[in-house]
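The values are calculated or read from the model by the stated rules, or taken from the named source; none is laboratory data. Keep in mind the model is a prediction, meaning the values are calculated, not measured. Cβ: placed from backbone, ideal geometry, glycine included. Neighbour counts: every protein chain shown. Accessible surface areas use protein heavy atoms only, side chains included; no ligands, DNA or RNA. Shrake-Rupley method; radii C 1.70, N 1.55, O 1.52, S 1.80 Å.
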There are 2 protein chains.
Amino acid sequence: MSRELRTGIATVCLSGTLDDKLSAAAAAGFDGVEIFEPDLVASPMPPGEVRLRCADLGLSIDLYQPFRDLDSTDPDRFAANLRRAERKFDLMEELGADTVLVCSSVAHDAVADLDRLAGQLHALGERAGARGLRIAYEALAWGKEVSTYDRSWEAVRRADHPAVGLCLDSFHILSRGSDPAAIAGIPGDKLFFLQLADAPHLSMDVLQWSRHHRLFPGQGAFDLPGFLAPVLAAGYAGPLSLEVFNDVFRQADPDRAAIDAHRSLLALAEATSAPDPIAQPAPDVRGPAFVELSADDSLAPVLSALGFARTGTHRTKPVERWEQGAARILVNRSGGPAAVAALAVESADPAAAARRAIRLDAKRLPREHGPAEADLAAVTAPDGTALFFCRTGNEDDWTGDFVPTGATADGIGITGIDHIGLAQPFDHFDEAALFYRTVLGLEPAAAGEFAAPFGLVRSRAVADPHRRIRLALTVSLLRRGEWAPGVSEPQYIALAVDDLLAAAQAARAAGAPLLAVPDNYYADLDARLDLPAGRLAAYRELGVLHEHTAEGDYLQACTEVLGGRVFLALVQRLGGHDGYGWTDAPVRMAAHRRRRLARTHVPA
Amino acid sequence: MSRELRTGIATVCLSGTLDDKLSAAAAAGFDGVEIFEPDLVASPMPPGEVRLRCADLGLSIDLYQPFRDLDSTDPDRFAANLRRAERKFDLMEELGADTVLVCSSVAHDAVADLDRLAGQLHALGERAGARGLRIAYEALAWGKEVSTYDRSWEAVRRADHPAVGLCLDSFHILSRGSDPAAIAGIPGDKLFFLQLADAPHLSMDVLQWSRHHRLFPGQGAFDLPGFLAPVLAAGYAGPLSLEVFNDVFRQADPDRAAIDAHRSLLALAEATSAPDPIAQPAPDVRGPAFVELSADDSLAPVLSALGFARTGTHRTKPVERWEQGAARILVNRSGGPAAVAALAVESADPAAAARRAIRLDAKRLPREHGPAEADLAAVTAPDGTALFFCRTGNEDDWTGDFVPTGATADGIGITGIDHIGLAQPFDHFDEAALFYRTVLGLEPAAAGEFAAPFGLVRSRAVADPHRRIRLALTVSLLRRGEWAPGVSEPQYIALAVDDLLAAAQAARAAGAPLLAVPDNYYADLDARLDLPAGRLAAYRELGVLHEHTAEGDYLQACTEVLGGRVFLALVQRLGGHDGYGWTDAPVRMAAHRRRRLARTHVPA
């Protein structure tokens, strides 16, 4: 981040006590915090102690917030509000905070007349200024008389007091569909504070939207770079500070949420070309180099049946290399249940990509490697997956770590890895999506929601523009309880083929454990798509799922879950289909669950 | 339920496989089911087997649903849709289902012209009728050309075919604010099917509202009795069938959800005065007779300090009776952590009230009682609390089970039990609210949401009209994970006093462990309410929380959490305050958590 732009976070973004929140913000590298009043009110730390604690942690207190319902058409009430403000000024002096957020009134007695409102802001400014404090006035999107930034700016302009300026909040502005361009015309020294939040597009009451569904920048649908640009153009010199009300973050580990939050600001600064952004551009990813699975002995015969050849064995570790077309899978028999252990991506400059990832708050992965082995640049993703950057064919090539077996195989037509499916832990879905996007330089792709047999599931894909690398992320919409445990959704590798029926037929003939799909699915498919009888019979025989949309078709045949939490899928895309077969996911998930229940003898 | 009115439930209401859902529906006492197509498609049971399974379970298959987007302005597409329908008719014949739900089209090619639409419905009716099947046409609230019941009725009327009738869904009608009164004028034999769902009032996209937030009747804000009355008046003779899409129910234990669902229909029938409703009127509850706490030895000194006298010991069980004013607390030392074990309510006819509870699917509580002891009528609430009905002062009085100690105490001014706070398990909040309301004949009171230190909390109170009995229910908005466990919210008994400061002072003097509240809270209270300095000092000294609203004031002083998951509170209501102090709950919860952390030496 630049020397000029500082990062901040409102304590309301994070779970826990005030002390938990301050510690988490500092550990994540934030420069300052906004103290959210209810966090202070519930805290046993007196304001002076909070001041010392923040100083110890290297955090500035950039804002005290919120002060609600200042202005009033009732003079007595306005006088009471000024008294209330004076008490808060006392507190701010103890805290060492010089700016307070005053948000537009939602009360029945809110002042509609802009000159009268400006007069009341001026009166408060007089009192604040006398103490060396500042008022940052903000238009709530649901304010009674002031709900847009241009109106709040007009009130501040007419207040005409050096201690009265504006607070801009991206949510309040973008949720109303306001164009932020005109912000560039506001004098920079009147922009006292900037609060940043993203959000998904939702058609709902804006107050509820704001209170429950805000996200960190880059996790939602708002154009935050497009918002930040005019603010910086205006000359804003305060911190980029996050104010995100989110139901999940409010009950998740604050240390992790703070890192997620900090990463979002770094990525935003990069995207905005803010002064002195992170030097490296997004890595030029060129597809998966390999996927590493931890596995037991049951995986090798399945890979064989799917036409893979075991082309190498690692010089020092119990790892095998399997290949077919451009698809490379490493099988690590070090122990642990079958799972996706690592994803390696081809990168033009692996070391630079890793350095950039670490600047984006990714955790460096400590690795052992022998003297003759490649030192792959690696970090850990929020879901625990190791992420390697490499450049296959380079002199310092990872392939050199393997002793070639000389084995080859005809294959069944697998050309490469279509995508990797990674089920996410409940608290970290948005974090993971932002992590993979920013660290790999991907873009948001399809997003959806489907009704799995044991609860709803959210899904979101991230991919590069050329679709050389795709990740499909899923999470249960609600954390599952005892009835339907959340760990039931497996990870998978989707393998691209050009002729799904031929490939699945060959795999089946070679003994691959293809997942059986209920006849009822094919009866419905027939009713919907009127497929040729022969094709339908082949589907039924091989367990093929067929998603048809306006943009094309997505065919897949999945294996059973293999010894842990992983399965493999053969995938064929027809037409311009850019999705992930999610309309068929409930059927696939029910079938997988049945197989596992049958194997473990747990009654359905 | 009456002999005429049958109960039904759509499989989409419940979690699990189709088999899980059918078993749950049958066990809960439903007469029939609607088969939701995706449940069948994902099931390995062929339709004929589903038919047999339902027959075995004593369930009729009342509806197959949904058939989407029938009508089309494109003749080729309409022909394809008729073909699709024929395939579904094949399936219905195998299933033994004679009615299919056809919902209004949401497609771009939906037919706007009512006569053309009626013609297409007629054409489908011809094909259905030829097989002895029926079409129940439903207006989706978000249908492209047909979104209201009067328009769907007009289409059906013009279709003029004996196999084409109407399906009414309370959500689609009430979510749009339509007046259901005119339904009474529709010929009863054209009302082929009735789907019932409640919902909270939400200001959001109606499709999302419908897909995520429906509730069982009596759990939301819709007037279901007012909806059902004109449907019955029209002569509808089919089942009362539930179609509820709800994120929580979709991942909760289907056996429990089905009981909750069935209860909702029984209560609705009672409220609607449907033919042959449950005979007994709602019980005439007259307040709590007692609350029983399981506890260890640490509770007795706290009760003493709060001015309670130990007035009796149970003849055969390790249970003590403590009294002050009308507040009676039984302390059961049988073991287990401190918790609310039972609630006894005064009832004019305890046996009748218990019979009615059991007819409302409450589970009878098996109890041991000695030959000379009262046989209290008892059931178990969804949260595990035992619920007794009794009539203190009656000949068969529960007080006779206790040997009087002769002890008395001056007391500290506690006059009775204001309310009981019961934290609920995540999956069962709406179930619990409906249970307590219907079984005790209470009404919905305050409802809210507050930001606790470790996540948001939903709250809802149920109370009788005279406020003699109040229950405050809470649940975390999201199921908590490892960071913030959901079990942290304690239960409590709120004890009514007329002079909170005097009572708290006396309790403190006697050694009651009153909860300390942070000074920051009082600084904020002072800023907001400008209280006399002496009063504020007393608050601070005693840990008083003061909620001020337009309707009055709510003062409370809480004890620490006592040895498990229970605390006691002194409560004073001023003016017409009818709430539960929820704006102060975050401060109280943070303070309670601090105390427990301090005691258990878990680092914050």
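If I filter segment B:448-497 down to residues being part of a strand (DSSP E or B) and hydroxyl-bearing (Ser, Thr, Tyr), which single residue comes out as nearest to the other protein chains (Cβ to nearest Cβ)?
B:SER476
Can you name the residue in segment B:429-449 that is open to solvent by 20 Å² or more (accessible area, probe 1.4 Å) and in contact (Cβ under 8 Å) with a residue 40 or more places away in the chain and, of all such residues, is farthest from B:ARG356 (Cα to Cα)?
Applying the filter and picking the extreme gives B:GLY448.
Quick one: B:THR73 ticks every box in (1) among the hydroxyl-bearing types (Ser, Thr, Tyr); (2) more than 21 Å from A:ARG594 (Cβ to Cβ); (3) open to solvent by less than 50 Å² (accessible area, probe 1.4 Å); (4) part of a loop (DSSP other than H, G, I, E, B) except a single one, so which number is it?
Tallying (1) among the hydroxyl-bearing types (Ser, Thr, Tyr); (2) more than 21 Å from A:ARG594 (Cβ to Cβ); (3) open to solvent by less than 50 Å² (accessible area, probe 1.4 Å); (4) part of a loop (DSSP other than H, G, I, E, B), B:THR73 fails exactly one: (3).
So, of the residues in segment B:10-54 that are part of a strand (DSSP E or B) and surrounded by fewer than 24 Cβ atoms within 10 Å (Cβ to Cβ), which turns out to be nearest to the other protein chains (Cβ to nearest Cβ)?
B:PHE36
Keeping to segment B:176-197, report how many residues are surrounded by 14 or more Cβ atoms within 10 Å (Cβ to Cβ) and in contact (Cβ under 8 Å) with a residue 40 or more places away in the chain.
Qualifying residue count, segment B:176-197: 12.
Where in segment B:511-602 are there helices (runs of 4 or more DSSP H), lying fully within it, with 3 or more residues that are hydrophobic (A, V, I, L, M, F, W, C), closer than 23 Å to B:ALA305 by Cα and modelled with pLDDT of 95 or more?
Those helices (runs of 4 or more DSSP H) span B:533-542.
So which residues in segment A:550-591 are away from chain B (no Cβ under 14 Å) and open to solvent by 40 Å² or more (accessible area, probe 1.4 Å), if there are any at all?
Answer for segment A:550-591, where residues must be away from chain B (no Cβ under 14 Å) and open to solvent by 40 Å² or more (accessible area, probe 1.4 Å): A:GLU551, A:GLY563, A:ARG565, A:ARG573, A:LEU574, A:GLY575, A:GLY576, A:ASP578.
Is it the case, given these coordinates, that B:ARG355 is open to solvent by 60 Å² or more (accessible area, probe 1.4 Å) and assigned to a strand (DSSP E or B)?
Answer is no for this residue.
Would you call A:ARG250 among the basic types (Lys, Arg), within 14 Å of chain B (Cβ to nearest Cβ) and either more than 30 Å from A:ALA327 (Cβ to Cβ) or not in a helix (DSSP H, G or I) (or both)?
For A:ARG250, the condition - among the basic types (Lys, Arg), within 14 Å of chain B (Cβ to nearest Cβ) and either more than 30 Å from A:ALA327 (Cβ to Cβ) or not in a helix (DSSP H, G or I) (or both) - is met.
Looking at (1) touching an Asp or Glu at 6+ places or on another chain (Cβ under 9 Å); (2) surrounded by fewer than 23 Cβ atoms within 10 Å (Cβ to Cβ), can you tell me which one B:ALA85 breaks?
Unmet condition: (1).
Would you check if B:ALA484 is open to solvent by less than 30 Å² (accessible area, probe 1.4 Å) and more than 21 Å from B:ILE420 (Cα to Cα)?
It is true that B:ALA484 is open to solvent by less than 30 Å² (accessible area, probe 1.4 Å) and more than 21 Å from B:ILE420 (Cα to Cα).
For residues that are open to solvent by 50 Å² or more (accessible area, probe 1.4 Å) and within 14 Å of chain A (Cβ to nearest Cβ), tally how many sit in segment B:91-126.
Of the residues in that region, 3 qualify.
Run down B:ARG87, B:ARG116, B:ARG68 and say which single residue is touching a helix residue (DSSP H, G or I) at 6+ places or on another chain (Cβ under 8 Å), at pLDDT 95 or above and basic (Lys, Arg).
B:ARG87
Just for segment A:454-472: of the residues that are open to solvent by less than 20 Å² (accessible area, probe 1.4 Å) and of a type outside the set (A, V, I, L, M, F, W, C), which one is farthest from A:ALA354 (Cα to Cα)?
A:GLY455
Among the helices (runs of 4 or more DSSP H) lying completely within segment B:88-180, list those that include at least 3 residues that are touching a Lys or Arg at 6+ places or on another chain (Cβ under 9 Å).
So the answer is B:114-130, B:149-159.
Across segment A:205-223, which residue is surrounded by the fewest Cβ atoms within 10 Å (Cβ to Cβ) among those that are within 13 Å of chain B (Cβ to nearest Cβ) and over 19 Å from A:PHE249 (Cβ atoms)?
The qualifying residue surrounded by the fewest Cβ atoms within 10 Å (Cβ to Cβ) is A:ASP205.
Going by the conditions given, is A:TYR149 more than 14 Å from chain B (Cβ to nearest Cβ) and either open to solvent by 10 Å² or more (accessible area, probe 1.4 Å) or at pLDDT below 95 (or both)?
Criteria met by A:TYR149.
Cβ-Cβ below 7 Å, separation at least six or inter-chain, first residue in segment A:200-225 and in a loop (DSSP other than H, G, I, E, B), second of a type in the set (Val, Ile, Thr): which pairs?
Note: pairs meeting the criteria are A:ARG214/A:VAL244; A:PHE216/A:VAL244; A:GLY218/A:THR438.
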